[in-house]
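In what follows, a structure is listed as structure tokens, so that the remarks can point back to it.
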């Protein structure tokens, strides 16, 4: 089975070369039969990669320690679920997952791209093929997951305990669906550059792909953040760690792409910019892969450091980023520029959005790469953390967030800021009210907290205003309004939901940072502690035995107003004997949207235990907002226009988008 | 607005953004980046009390002292020099004697390093990279010892 997987991988590599060369020449020679080769080859390549992945997963599930990767990252006593998720909890397996998703997306284009122009489809598959080929070669040459050990060891070395978690089961696949999803946008862009022409069907194809990739990337980042929050036991949700930045940069650029693609689709303007942004977004995904996989960074993601891998990925990076940008420089002038628009218009607002987002991406990029560059050039070691990003990323995001509610209310071509402001009066009033209430009635609220809460409410209310205005609230009878509301295009709901979710995330961040409290103390069994109105009693430490670990579980009771326990929280220190590793299992109690977070420290000689407690108000909104953003993207994807793409229907719906009264 | 004017205004706007962002970035890099030192480096470079740095090395054997509440004192060493560090909070799970750590904080006026964060590696097999490189440069630690 393992050799079958290996063989399938080699075959998939060979097919990816075929997928690159044959359709590319077919498109050049305008030969239908050569171009038609791309589709079946892409689908077969995906099937082979899936077979290869299944072979590795089954080796993991069956604890086949004769496979080096399984031996290094698994153990027979691990629960089955972590044996399986361990497949991608290591360098080799996660790269295999990467190409699996890449070929999956290629196969989707092959399967559903029948309405694309034949040459465009052939070129897209060719570009997708060459990305695949590079990464297949990388895996086979430097990170082969199927290497055997002889003699086979009897027992494995266990998966890194902090990766033995459900969060890890979900986070990498989601993140990769996002990272790699942008490869399709990249392939479409490069294909358009190769053809030297870009048309309406191009934008209609690229936008849903961007939405899909962005949706998964949002989920992946939110999941990773939540995982770090509860698994590392530090109570933080974002550390500005280079590895986090590596996933955040494509997200920011992807968000910009999402918005510029709208302009391109609706108004066929910003073509060249959208193309460049698509290339940059995937380049940042590749850069993220390089940063995480090459071992230049120290983090939980750097499973092992092997210089040849780093050099190899760096070559891939140079090839694709350099190649695509060179092609862009050569060919971009051939593409025709699109429609004109007034600076104050929906297009103008989206351009502004793009300026802010790409500049913010650039600051994150500098903050992430500068320490690496400095070390390479001078040997000096610096760390760039939250203080840097607070000062650079923060000021760039603030004005953008203030402007978000205006965007959807401006008309295409020429908008009216005054009219949009009038419509946003209610939203502005609620934001102001929230600001005043926070500032005046909550003890210890800083100016920052009041402004932050106000801004969050502004975003949330702005998103609701958008829906209300587009349903005609205030100007038509309620019955008509409800009918209009139900008839709004899904993409309008998508926009509103995504902006709503952004507001929720911001609300969670501001509330947690401003009103969160924490306490560090030593406790003995029976003692109680109070934090922000919650009383916790430490019941005691209880030893327990897990499948592949032993633990000391600290039990805490949440005491209600009446003095009797109303809930229990337990936090544990786990010891994994195979790796001689201790981990902290944090105890979290969700109360409404807020959380009480308990983390256990070392045990003293006298039986007391160091306990760290946090009260995190509205903290769940940080990730809940991410889920709402995902729902927004999903809603946009269900838009009839994207599913069917009939021009007549689009024109009819566009008239609903621009309600009466707007010029 | 003509196409040319539009293009110019977009370019001007873009440059203004880029300028603002570049300025902010340089300012922030100068102010907010914290340098990494090993104890022996501190004899050659002067670090002001209150200046934020990252101090890395090995936790010296026999120096971990649990104080009042959750305060811990220990020494960080690169075997040439050692620096006394205090920290209040929960130490990372992989914090133990003779293991690599990175502490971040400032020097107090008494010369004791007051750390507000202590990092050990996530995985027991590897040293923090900065510490490993630093120790290698000082000839104290060889690659082979890590595995």
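The values are calculated or read from the model by the stated rules, or taken from the named source; none is laboratory data. Every value quoted in this text rests on a predicted model; they were computed, and no experiment measured them. Don't worry about glycine lacking a Cβ; one is built from the backbone with ideal geometry, like all the others, and counts go over all protein chains shown.
Can you find even one residue in segment A:396-411 that is touching a residue at least 60 places away in the same chain (Cβ under 8 Å) and either surrounded by fewer than 17 Cβ atoms within 10 Å (Cβ to Cβ) or more than 32 Å from the chain's Cα centre (by Cα) (or both)? No, every residue in segment A:396-411 fails to be touching a residue at least 60 places away in the same chain (Cβ under 8 Å) and either surrounded by fewer than 17 Cβ atoms within 10 Å (Cβ to Cβ) or more than 32 Å from the chain's Cα centre (by Cα) (or both).
Is it the case that residue A:473 is assigned to a helix (DSSP H, G or I) and either surrounded by fewer than 20 Cβ atoms within 10 Å (Cβ to Cβ) or in contact with a helix residue (DSSP H, G or I) (Cβ under 7 Å, 6 or more places away or on another chain) (or both)? Spelling it out, it is not the case that residue A:473 is assigned to a helix (DSSP H, G or I) and either surrounded by fewer than 20 Cβ atoms within 10 Å (Cβ to Cβ) or in contact with a helix residue (DSSP H, G or I) (Cβ under 7 Å, 6 or more places away or on another chain) (or both). A single member of A:581, A:658 is buried (at least 20 other Cβ atoms within 10 Å of the Cβ), at negative phi and modelled with pLDDT under 90, and it is A:581. Might you check whether a residue that is closer than 30 Å to residue A:116 by Cα and at pLDDT 90 or above occurs anywhere in segment A:617-629? There is at least one residue in segment A:617-629 that is closer than 30 Å to residue A:116 by Cα and at pLDDT 90 or above.
Could you say whether any residue in segment A:344-358 is more than 10 Å from every other protein chain (Cβ to nearest Cβ) and outside any helix (DSSP H, G or I)? Yes, segment A:344-358 has at least one match. Residue check: is residue A:234 assigned by TED's automatic domain parsing to the domain that holds residue A:326 and under 30 Å from residue A:602 (Cβ atoms)? Here the answer is yes, as residue A:234 does meet what is asked. Of the numbered criteria (1) surrounded by 14 or more Cβ atoms within 10 Å (Cβ to Cβ); (2) in contact with a strand residue (DSSP E or B) (Cβ under 8 Å, 6 or more places away or on another chain), the one residue A:361 fails is (2).
A residue that is more than 9 Å from every other protein chain (Cβ to nearest Cβ), under 16 Å from the mean Cα position of the chain (by Cα) and at pLDDT below 85 occurs nowhere in segment B:105-115. Between B:54, B:7, the distinction of being within 14 Å of chain A (Cβ to nearest Cβ) and in contact with a strand residue (DSSP E or B) (Cβ under 9 Å, 6 or more places away or on another chain) belongs to B:54 only. Condition check for residue B:65 on (1) surrounded by 14 or more Cβ atoms within 10 Å (Cβ to Cβ); (2) within 14 Å of chain A (Cβ to nearest Cβ); (3) within 30 Å of residue A:608 (Cβ to Cβ): one failure, at (1). Within segment A:366-392, the set of residues being more than 9 Å from chain B (Cβ to nearest Cβ) and under 26 Å from the mean Cα position of the chain (by Cα) comprises A:368, A:369, A:372, A:373. The residues of segment B:63-79 that are modelled with pLDDT under 85 and farther than 30 Å from residue A:529 by Cβ, listed by number, are B:78, B:79.
Summed over segment A:131-157, residues that are in contact (Cβ under 8 Å) with a residue 60 or more places away in the chain, more than 15 Å from residue A:289 (Cβ to Cβ) and surrounded by fewer than 20 Cβ atoms within 10 Å (Cβ to Cβ) total 12. Where strands (runs of 3 or more DSSP E) fall entirely within segment A:530-587, those with at least 1 residues that are in contact (Cβ under 8 Å) with a residue 60 or more places away in the chain and away from every other protein chain (no Cβ under 14 Å) are at A:534-545. Determine, yes or no, whether residue A:607 is surrounded by fewer than 20 Cβ atoms within 10 Å (Cβ to Cβ) and within 14 Å of another protein chain (Cβ to nearest Cβ). Yes; evaluated as a whole, the condition is true for this residue. Determine, yes or no, whether residue A:433 is surrounded by 18 or more Cβ atoms within 10 Å (Cβ to Cβ), out of contact with any strand residue (DSSP E or B) (no Cβ under 7 Å at 6 or more places or on another chain) and away from chain B (no Cβ under 14 Å). So residue A:433 fails the test.
Tell me which residues, restricted to segment A:438-448, are buried (at least 18 other Cβ atoms within 10 Å of the Cβ) and either part of a loop (DSSP other than H, G, I, E, B) or at pLDDT 90 or above (or both). A:445 - this is the single residue of segment A:438-448 that is buried (at least 18 other Cβ atoms within 10 Å of the Cβ) and either part of a loop (DSSP other than H, G, I, E, B) or at pLDDT 90 or above (or both).
Evaluating residue A:297 against the criteria (1) closer than 23 Å to residue A:183 by Cβ; (2) more than 9 Å from chain B (Cβ to nearest Cβ); (3) modelled with pLDDT under 80 leaves one unmet condition, (2).
Every listed requirement among (1) within 12 Å of chain A (Cβ to nearest Cβ); (2) farther than 17 Å from residue A:235 by Cα; (3) part of a strand (DSSP E or B) is met by residue B:94 save one, (3). When residue B:46 is tested against (1) more than 25 Å from residue A:610 (Cα to Cα); (2) more than 9 Å from every other protein chain (Cβ to nearest Cβ); (3) crowded, with 19+ Cβ neighbours inside 10 Å; (4) free of Cβ contacts under 8 Å to residues at least 40 places away in the same chain, just one condition goes unmet, and that condition is (3).
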